[in-house]
Amino acid sequence: MRSTRSIPVLATIVLSTAVLGACGSSETGTTETVSLEPAAADQALSGICPDVIGIQMDWEPEAEHGPLYNLVGPDYTVDTAGKSVTGTLVADGKDTGVAVNVRAGGPAIGFQSVSSQLYVDDDLMLGTITTDGAISASQSQPVIAVAALMKKSPQILMWDPETYPDWKTLGDIGKSDATVVVNQGNVFGPMLVSRGLLKADQLDNSYDGAPARFVADPTIVQQGYATAEPYTYENEVGAWGRPIASALIADEGYVVYPQAISVRADKLAEHEACLAKLVPIIQQSTLDYVADPSRANAIITDIVTQYNDGWVYSEGVAEYGATQLKEQGFMGAEPGLAVGQFDIARIQETIDTFVPILQQSGASIKADITPDDIATNQFVDTSIGAEL
């Protein structure tokens, strides 16, 4: 939902103490008053960007989105019906002069694609879209990624180490007859089959996100994320309560940029001036989140609680997820690149790998698609975070 509230350059803000010090919410409670200083001129967005910058997430709030929730100021309000949070857009804690509205995805938008949301809602400027999703949308709803939120996918295949104590890699799964349970429409399953790491008849596209089947049948293999399932299955899935084993799909050719920050291709020129200032702010927010995720994680867990829509995301898994993003190198800069910068050769590799797979699934893809149709480094400040 677009906020109609005007955000002044120097705001006096009421905070709710329901959340850890730096965060606020729409809940009432004991309050304290603080002031936000105006951002420096190079981070001032008023008159250059939309008054409210709408960002559509691809999923419910989680650590992978931390740098974007880190942009949300302490005056935030939560729309529990629309599953969004709106507040002053802050850079290093300072008021940029505009607001940001971050919207949950997945079930919150009826599992519609982020690219489709960008094309039906003019209040949205940006969305988080993985490279293969941008390829799939390239003909009918083209989008251009302007910053890499993450540099590597945390997607895993997981198994029970007691059932399969000798497994180490995805190739070990393919040497067995184990059922591999994944979600409908995934592209990594066919990719792994094409590379000889899995057999086609192993794939079961009925994964619904619930742990019940894995708990009941530890002979299956299941998709998950290195930023969540290793923690939740050991600490929060009471019927399991022990470690899982896993391997990263990214290590076997799934070289997409997960949840890249993207804009409609036909609106790129319109937003050029804004993106030139906003993208470096997002880059710095990524550095800040990796260094200290506590503030953004508090916002994430607060709004998840307020949304109350079945998605559960505890403080423990948020902390674990942020730690894995840093320690396993999912978030940060690639060698020789800045934070948020794309390796164009990787995007070409993704095109070469997934265009045939997506076409086989019925996707209509732009003819002669190139990396320039998918992403640009035009707005990236190459001095930010090159050593992370």
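The values are calculated or read from the model by the stated rules, or taken from the named source; none is laboratory data. Remember, it's a predicted structure, so these values are computed and weren't measured experimentally. Methodologically, a virtual Cβ is constructed for each residue, glycine included, from the backbone with ideal geometry; neighbour enumeration extends over all protein chains shown.
Just the residues that are of a type in the set (Gly, Ala, Ser) and assigned to a loop (DSSP other than H, G, I, E, B), please, taken from the range 204-254.
Those that are of a type in the set (Gly, Ala, Ser) and assigned to a loop (DSSP other than H, G, I, E, B): 206, 209, 210, 226, 228, 238, 239, 241, 253.
Taking the range 163-188, which residues are assigned to a loop (DSSP other than H, G, I, E, B) and in contact (Cβ under 8 Å) with a residue 60 or more places away in the chain? The answer is 164, 167, 168, 169, 185, 187. With respect to being within 24 Å of residue 344 (Cβ to Cβ) and in a strand (DSSP E or B), residue 102 falls outside the description.
Among the numbered conditions (1) at pLDDT below 95; (2) within 25 Å of residue 326 (Cα to Cα), the only one that residue 232 does not meet is (1).
Going residue by residue through the range 156-166, is there one that turns out to be β-branched (Val, Ile, Thr), under 28 Å from residue 346 (Cβ atoms) and surrounded by 14 or more Cβ atoms within 10 Å (Cβ to Cβ)? Show your work before the answer.
Start the filter on the range 156-166 by keeping residues that are β-branched (Val, Ile, Thr), which leaves 156, 163.
Right, trim to under 28 Å from residue 346 (Cβ atoms) and you get 156.
Applying the additional criterion that residues be surrounded by 14 or more Cβ atoms within 10 Å (Cβ to Cβ) yields 156.
Yes; the residues of the range 156-166 include at least one that is β-branched (Val, Ile, Thr), under 28 Å from residue 346 (Cβ atoms) and surrounded by 14 or more Cβ atoms within 10 Å (Cβ to Cβ).
Please work out if residue 303 is over 17 Å from residue 100 (Cβ atoms) and among the β-branched types (Val, Ile, Thr). No, not satisfied.
Could you tell me which of the residues 81, 18 is in a loop (DSSP other than H, G, I, E, B), in the same structural domain as residue 268 (by TED's automatic domain parsing), over 27 Å from residue 271 (Cα atoms) and at pLDDT 95 or above?
Working: 18 fails: at pLDDT 95 or above.
Result of the check over 81, 18: 81.
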